[in-house]
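Since every read-out is calculated from the coordinates, none of them should be taken as a lab result. Quantities reported herein were computed from a predicted structural model and do not represent experimental measurements. Note that we place each Cβ from the backbone using ideal geometry, even for glycine, and neighbour counts take in every protein chain shown.
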């Protein structure tokens with residue numbers, strides 16, 4: 001069994017504002033600090049990978065906070081999905097599985113004021129699509145977390161624990177560059 005996780009990277013919203021909304025909604029989640037204008041939410045309920053739950057949560061969070069949010073899902077290391085929301089509206093959707101895809105580099109880059117990254121992001125989309133054409137399903141050249149990492153790097157977003165979810169934190173399996181002291185849990 002491979003790696004599975006979900007998280008939401010919020011742009012230009014401080015940790016305390018995020019905590020206030022999550023506590024008001026009675027969500028069980030961890031929230032990162034806010035380096036370089038990004039705060040990451042690791043929500044317990046979205047870890048079941050139910051698209052409806054993920055979409056509703058992303059919509060609510062970005063609407064309440066009036067911000068951009070990139071919700072990422074990696075399932076069993078096999079595929080990567082993202083939902084890009086802005087102020088409660090779905091702006092872009094991507095699924096790395098063959099015959100799904102989608103995603104718009106201009107929309108994705110524009111949301112984070114990273115217009116200069118469009119060629120690099122476009123290249124990631126093309127590499128995944130080519131990998132899907134060249135390989136059998138579930139034997140893709142790029143696995144879910146590799147695709148997620150490629151997008152984060154192309155967008156020049158700080159990783160700050162972008163490649164993990166709620167249960168990664170609960171299991172004390174944090175990456176070396178992330179301290180548990182920078183994470184706050186909404187409730188026990």
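Among 23, 149, the order by Cβ neighbours within 10 angstrom, fewest to most, reads 23, 149. Take each peptide in 108-119, 155-166, count the other Cβ atoms within 10 Å of every residue, and average; sorted highest first, the result is 155-166, 108-119. Size estimate for the stretch 5-178 follows the Kirkwood approach: the inverse of mean 1/r over distinct Cα pairs works out to 16.1 Å. Its DSSP H runs of at least 4 residues, each contributing -39,500 (n - 2.57), put the calculated 222 nm mean residue ellipticity of the chain at -10500 deg cm²/dmol, to the nearest 500. Rounded to the nearest 10 degrees, the angle from helix 118-134 to the longest Cα principal axis of the chain is 60 degrees.
Determine the distance separating the Cα centre of the stretch 62-96 from the Cα centre of the stretch 170-188; give it in Å without decimals. With the stretch 62-96 and the stretch 170-188 each reduced to a Cα centre, they are spaced 22 Å.
Taking the chain as a Gaussian network of alpha-carbon nodes connected by springs under 10 Å, the highest mean-square fluctuation of the residues 48, 176, 95 belongs to 176. When only Cα pairs below 8 angstrom with a gap of at least 6 residues are kept, the chain shows a relative contact order of 26 percent.
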